[in-house]
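Here's the structure, in structure tokens; my notes come after.
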Amino acid sequence: MKKVSKIIIMLLLAIIILSVPHLIKSDYTLHVVNLAGIYAICVMGLVFLLGFAGQLSLGHSALMSIGAYTTGLLAVELNLPFVITFPAAIVVSMLFALLIGIPTLKLKSFYLAMATRGLNIALFIVLINWKRFTHGADGIVNIPRPSFAGFTIQTERAWFYFIVAILIVCYIASRNIEKSRIGRSFKAVKEGELAAEVMGIDVYRTKILAFVLSSALAGTAGCLFAHLNQFICPNDFNITQSVTLLSMSIFGGSEYLLGGVVGAYVLTFLPEALRFLQTYARFINGILILLIMILAPSGLFGVVSSLFEKLKRQKKLDPPNNSPNIADVEGMEN
Amino acid sequence: MSGILPQLLFSGLAIGCIYGLVGLGFIQVYNAVGLTNFAQGEFVMLGAYLFVSAVVIWKAPFWVGFLFLLVGMAVIGFLFTRGVYKPTYKAGRFAFLLASVGLSMALQDLVVLIWGPVPLYMPRLVSESSFNIGNVFINPQHIIIIGSTILLLIIQYLIFQKTPLGKMMRATAQDQFAATLSGIKVPLMIIFTFVNSSILAGIAGFLVGPVFSVTPSMGASAMLKGFVGCTIGGWGSIPGAVLGGILVGIIEIFSSFYISSAYKDAIVFLVLILFLLFKPKGIFGETVSEKV
Amino acid sequence: MLKLENVTASYGFANVLHNIDLSIEKNEIVALIGANGAGKSTTLKAISGVVKLNSGQILFNDVRIDKLRPEEIVSIGIGHVPEGRRVFPGLTVLENLEVGASGWRGMKSTDLSRDLDRVFEMFPALKPRIKQLAWSMSGGEQQMLAISRALMSRPKLLLMDEPSLGLSPLLVQNLTESIKIIRENGTTILLVEQNAKMAFDLADRAYVLEVGEIALSGYTKDLRTDDRVKAAYLAA
């Protein structure tokens, strides 16, 4: 029974996803949907890092920029095809994560936070000033569309399927890692490094692994970003962007992969819907983070799941016909 | 050419004093509650804006402006403790950190909303023209910065070492539970700590304003450098934070002169990474005496 | 002087105190003994206002104190020497003592010298080391300092949490003498100890805590001969 209903849900979901590009007429809107999908990939990386392993990165857009510039430079300067530049982008972002992770992850957790912010600032400066290599503030233009065996991903609609496919692959892979031994060791490290060490977990290596995997997702996102927009410049990857990514992950609930995905879509569309507030985007974003941390640090999914748990417990305690007063349960949550 | 070395050292020292003050505020909060306040840099910026509004916009006399800054920063420190620290410190280790990141971003935009995006000019106590001693050109504002920093450090020393309040604050930083049992009002001491550190940041903004211009983003890089200073000095060590900050200032000035001024912040970041790699405990180490 | 009535308190997830009834008369030394995790420290924390009660009440000189904040409880005359000494490591001996006094008195530090003299009379070894940082002292010295710090607030009742922990037999002997002197000077004492032998030597009465409940209580001279006490706490 359960399996059947699961399959039905999956099918429904697939139909909804497949029909999205046919329901959205405007290319611009579809472009925003695609961008949100790319951010969702990166935000899943943050969930990995923050929600699972308990490490904070304030510079994930810097890691995205590594992926974007790697693929952009390889494709434009060396005319390499996507099948080569895509993995290259991922590998180079992972290398950068190693570079930052090795010195900082042995230390207290705020070092990684500050070092990633530093990387964000430093990389921005390098991208702006090293004009001969990065083209400075002008950025890289005319990044080609990816093509496979003669078929080029050209339209926004094609991009939509492409991004959703990669998003699903990343999600399934991440979900499997979450459930595996590695995922459990991430969570053990988050719960307490000392206790994890006693359990025989190499805390330092576990944290590095989490950061490198997280960076791989950021690099993937950066690479897709470059090929979707066909243009990248340093300002696409500034500190504000990093904080926006963070707020996406905590809005949905940093301990839930799907929460991150939902957060990415909601927070990409919210500013689009609230166009008139665009000038205050950073203000609103900052206040949003502040409020989430004060009111519901576990995010949307956290609140919902604790609500569910309360309902479940109530049901177990009470006989079925004496059903609990739902309003009361919700009242407690507030 | 012979005058260039002492001149660079002097400017580095002056700029470094600012980072030292930012770092000092960092360390005091870190020692007291074990947390890093990522909005510390924006407090620097707010100090500068408060002073400029009083003196330039409302045409208040200089000393009134300074008083306004002190009171304003104290209020900000208090509100920060009540509004950000208190509701978040129990909700996991990153709640406070993230909340302060959010606040720092919101504050950068808030000053644009209030004061506009155009950099403001901060009036000086002293004339703008440099004078020279031998062949060393001296910027008078640099002397003000160094002098004020020394004065501030003496005041801080006296507060923390000689007054009952300061001793109670140190006791609270070292062991909150034992402080509670000794009858100390721990929440009040934490408020005082945040107030003190935000006043330090505000004064740093007031001092650095005339050197750079007053902009919404002036705090962000000051914070990174204050942090690097703390790391060089060794987290937990108060003299380490100040000396580390000064060292960062000197590195910054030297690398702007000999390498490139565009890359100076990137070089500071490189210094951070190198220190974390080879001397993660900093020069002074985390002193046993301050934190066990 | 102090009365706990029906005190239930939880600390963390487990309910650690169940319906505790306990009383201390003026100028007594009362011992609270029991195994690790029996709730001895929690009882002291409840009295100090660090752990809030779920139900029941605590009276000090017939006034309810269980709603007061910890610093208010210090100021009405209840001192607490925490487990593991917990002196302020980066403060000098003198500063530790000053903080013990100023926490209680607020910012005014007048009339410190009398309290200091009183403390140095009891622990003369501290006097020559007033400039020394607390962390650099030995365990025994730190224990003296922790007790002295609590005494600076002129407590009428002193709560002591495992003062003998980690001390050599000779030092435990000295500590025992000191506690007697503190009582002679007019301070009532509630002593939490794992070292039941020492506790029985010192105390007039004792309570035995087992998993958050009072299992036994009475005069120490009677308890000493109780078979259960002998087997569980005074063996070897």
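The values are calculated or read from the model by the stated rules, or taken from the named source; none is laboratory data. All values derive from a computational prediction rather than experimental measurement. Cβ coordinates were reconstructed from backbone atoms using ideal geometry, including for glycine residues, and neighbour counts include every protein chain displayed. Protein only, heavy atoms only, side chains kept; ligands, DNA and RNA dropped before computing areas. Shrake-Rupley method; radii C 1.70, N 1.55, O 1.52, S 1.80 Å.
Counted as qualifying within the stretch C:16-125 are the helices (runs of 4 or more DSSP H) with 1 or more residues that are away from chain B (no Cβ under 13 Å), namely C:40-48, C:112-122. Taking the stretch A:92-115, which residues are without any contact (Cβ under 8 Å) to a residue 60 or more places away in the chain and either within 12 Å of another protein chain (Cβ to nearest Cβ) or among the β-branched types (Val, Ile, Thr) (or both)? Once the filter is applied, which keeps residues that are without any contact (Cβ under 8 Å) to a residue 60 or more places away in the chain and either within 12 Å of another protein chain (Cβ to nearest Cβ) or among the β-branched types (Val, Ile, Thr) (or both), the stretch A:92-115 yields A:99, A:103, A:104, A:107, A:108, A:109, A:110, A:111, A:113, A:114, A:115. Which numbered condition trips up residue A:157, out of (1) within 14 Å of chain B (Cβ to nearest Cβ); (2) of a type in the set (Lys, Arg); (3) in a helix (DSSP H, G or I)? Failing condition for residue A:157: (1). For the stretch A:172-231, a residue qualifies if it is more than 17 Å from the chain's Cα centre (by Cα), surrounded by fewer than 20 Cβ atoms within 10 Å (Cβ to Cβ) and of a type in the set (S, T, N, Q), and the qualifying residues are A:180, A:229, A:230. Checked against (1) over 30 Å from residue A:245 (Cβ atoms); (2) at the interface with chain A (Cβ under 8 Å from one of its Cβ atoms), residue B:91 passes all but a single condition, namely (1). All of B:234, B:226, B:166, B:205 fail the test of being on the phi > 0 side of the Ramachandran plot and either in contact (Cβ under 8 Å) with a residue 12 or more places away in the chain or within 12 Å of chain C (Cβ to nearest Cβ) (or both), apart from B:234. If you check A:75, A:122 for being open to solvent by less than 10 Å² (accessible area, probe 1.4 Å), over 23 Å from the mean Cα position of the chain (by Cα) and of a type in the set (Gly, Ala, Ser), only one passes: A:75. Scanning the stretch A:44-90 for residues that are without any contact (Cβ under 8 Å) to a residue 60 or more places away in the chain and of a type in the set (S, T, N, Q) yields a total of 1.
Note on the stretch B:113-152: residues that are touching a residue at least 40 places away in the same chain (Cβ under 8 Å), farther than 26 Å from residue B:217 by Cα and open to solvent by less than 80 Å² (accessible area, probe 1.4 Å) total 3. Every test in (1) at pLDDT 90 or above; (2) assigned by TED's automatic domain parsing to the domain that holds residue A:48; (3) surrounded by fewer than 18 Cβ atoms within 10 Å (Cβ to Cβ) is passed by residue A:291 save one, and that test is (2). Here is the figure for the stretch A:145-171: residues that are within 17 Å of the chain's Cα centre (by Cα), in contact (Cβ under 8 Å) with a residue 24 or more places away in the chain and open to solvent by 40 Å² or more (accessible area, probe 1.4 Å) total 1. Screening residue C:165 on (1) open to solvent by 30 Å² or more (accessible area, probe 1.4 Å); (2) touching a residue at least 24 places away in the same chain (Cβ under 8 Å); (3) more than 14 Å from the chain's Cα centre (by Cα) shows it passes everything except condition (3).
Residue B:99: farther than 21 Å from residue B:205 by Cβ, in a helix (DSSP H, G or I) and open to solvent by less than 10 Å² (accessible area, probe 1.4 Å), yes or no? Considered against the rule, which asks whether it is farther than 21 Å from residue B:205 by Cβ, in a helix (DSSP H, G or I) and open to solvent by less than 10 Å² (accessible area, probe 1.4 Å), residue B:99 comes out as yes.
Pick out the one residue from B:80, B:62 that is within 14 Å of chain A (Cβ to nearest Cβ) and surrounded by 12 or more Cβ atoms within 10 Å (Cβ to Cβ).
Residue meeting the stated conditions: B:80.
Among residues that are within 13 Å of chain B (Cβ to nearest Cβ) and either touching a residue at least 60 places away in the same chain (Cβ under 8 Å) or outside any helix (DSSP H, G or I) (or both), residue A:247 is not included.
Scanning the stretch B:255-278 for residues that are open to solvent by 50 Å² or more (accessible area, probe 1.4 Å), part of a helix (DSSP H, G or I) and more than 11 Å from chain A (Cβ to nearest Cβ) turns up B:257, B:258.
Residues being within 14 Å of the chain's Cα centre (by Cα) and surrounded by fewer than 24 Cβ atoms within 10 Å (Cβ to Cβ) are represented in the stretch B:220-236 by at least one member.
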